[in-house]
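S.K.: Okay, here's the structure, questions in a sec.
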Amino acid sequence: VQLVESGGGLVQAGGSLRISCVGSGRTISSYTVGWFRQAPGKEREIVAAISWSGGRTYYPDSVKGRFTISRDSAENTVYLQMNSLKPEDTAVYYCAADPDPRIGAWSISYDYWGQGTLVTVSS
């Protein structure tokens, strides 16, 4: 499966942004999908993940209550809605797909990656 992210940009602190991950080649519904981010000088970290069916999700404490992951099977797309954004949310955001139905929190679990989309939150 090929993944393409879009929707990144510049937003003020406290604002919202929705980024998208469109799959092609295979239906994205066959994969667990995660959103990761990587800021300059930092390791890549997970910010959300969603199961094949969309019935299970995972968020680390750093974004819980602010970020929401969802999937639209008809559009072969996974979204990340980000609210109450903070300057520390600034990073390149990547979506990734894993054929394993179990949700993994580590990037090594994911086999397919998009090219990333930059989110910049100004203070």
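The values are calculated or read from the model by the stated rules, or taken from the named source; none is laboratory data. Note that the structure is a prediction, hence the values are computed from the model and not measured. Here Cβ is always computed from backbone atoms with ideal geometry, including for glycine, and neighbour counts include all displayed protein chains. Side chains are part of the model used for accessible areas, which takes the heavy atoms of the whole protein and leaves out ligands, DNA and RNA. Shrake-Rupley method; radii C 1.70, N 1.55, O 1.52, S 1.80 Å.
S.K.: Collect the residues in region 88-123 that are modelled with pLDDT of 95 or more, among the small types (Gly, Ala, Ser) and within 14 Å of TRP35 (Cβ to Cβ), keeping them in residue-number order.
M.R.: Across region 88-123, the qualifying residues are ALA91, ALA96, ALA97, GLY114, GLY116.
S.K.: For region 75-84, does any single residue satisfy the condition of being open to solvent by 30 Å² or more (accessible area, probe 1.4 Å), among the charged types (D, E, K, R), under 17 Å from ILE19 (Cα atoms) and in contact (Cβ under 8 Å) with a residue 24 or more places away in the chain?
M.R.: Yes, that holds for at least one residue.
S.K.: Given the structure, is VAL33 over 19 Å from VAL121 (Cβ atoms), in a strand (DSSP E or B) and modelled with pLDDT of 95 or more?
M.R.: Details: over 19 Å from VAL121 (Cβ atoms): yes; in a strand (DSSP E or B): yes; modelled with pLDDT of 95 or more: yes.
For VAL33, the condition - over 19 Å from VAL121 (Cβ atoms), in a strand (DSSP E or B) and modelled with pLDDT of 95 or more - is met.
S.K.: Same structure, new question: Cβ-Cβ distance below 6 Å, separation of 6 or more or different chains: which pairs start in region 103-123 with a residue that is farther than 20 Å from GLY7 by Cα and end on one that is of a type in the set (A, V, I, L, M, F, W, C) and outside any loop (DSSP other than H, G, I, E, B)?
M.R.: Listed by first residue and then by second, the contacts come to ILE103/ALA49; ALA105/ILE46; SER107/PHE36; TYR110/ALA96.
S.K.: Can you pull out the residues in region 1-16 that are assigned to a strand (DSSP E or B) and open to solvent by 30 Å² or more (accessible area, probe 1.4 Å)? Working first, answer last.
M.R.: Taking region 1-16 and keeping what is assigned to a strand (DSSP E or B), we get 2-6, 9-12.
Within region 1-16, GLN2, VAL4, SER6, LEU10, GLN12 meet the criteria.
S.K.: Of the conditions (1) at positive phi; (2) polar (S, T, N, Q); (3) under 15 Å from the mean Cα position of the chain (by Cα); (4) open to solvent by 50 Å² or more (accessible area, probe 1.4 Å), THR68 clears all except one; give me its number.
M.R.: Going through (1) at positive phi; (2) polar (S, T, N, Q); (3) under 15 Å from the mean Cα position of the chain (by Cα); (4) open to solvent by 50 Å² or more (accessible area, probe 1.4 Å) one by one, THR68 breaks only (1).
S.K.: Right, next: Starting from region 50-61, keep only residues that are farther than 16 Å from MET82 by Cβ, then list their pairs with residues that are loosely packed, with under 13 Cβ neighbours inside 10 Å whose Cβ atoms are within a distance under 6 Å, requiring at least 6 positions of separation or different chains.
M.R.: Here the result reads TRP52/PRO101, each pair linking region 50-61 to a residue that is loosely packed, with under 13 Cβ neighbours inside 10 Å.
S.K.: Taking the options LYS64, LYS42, name whichever one is assigned to a loop (DSSP other than H, G, I, E, B), out of contact with any Gly (no Cβ under 6 Å at 6 or more places or on another chain) and under 17 Å from THR120 (Cβ atoms).
M.R.: On the way: LYS64 fails: under 17 Å from THR120 (Cβ atoms).
So the residue among LYS64, LYS42 that is assigned to a loop (DSSP other than H, G, I, E, B), out of contact with any Gly (no Cβ under 6 Å at 6 or more places or on another chain) and under 17 Å from THR120 (Cβ atoms) is LYS42.
S.K.: Restricting to region 28-42, count the residues that are over 13 Å from the mean Cα position of the chain (by Cα) and either crowded, with 24+ Cβ neighbours inside 10 Å or farther than 21 Å from SER70 by Cα (or both).
M.R.: Quick first cut of region 28-42, residues over 13 Å from the mean Cα position of the chain (by Cα) only: 28-31, 39-42.
Checking the rest, the ones that are also either crowded, with 24+ Cβ neighbours inside 10 Å or farther than 21 Å from SER70 by Cα (or both) come to 28, 31, 39-42.
Summing the residues that are over 13 Å from the mean Cα position of the chain (by Cα) and either crowded, with 24+ Cβ neighbours inside 10 Å or farther than 21 Å from SER70 by Cα (or both) in region 28-42 gives 6.
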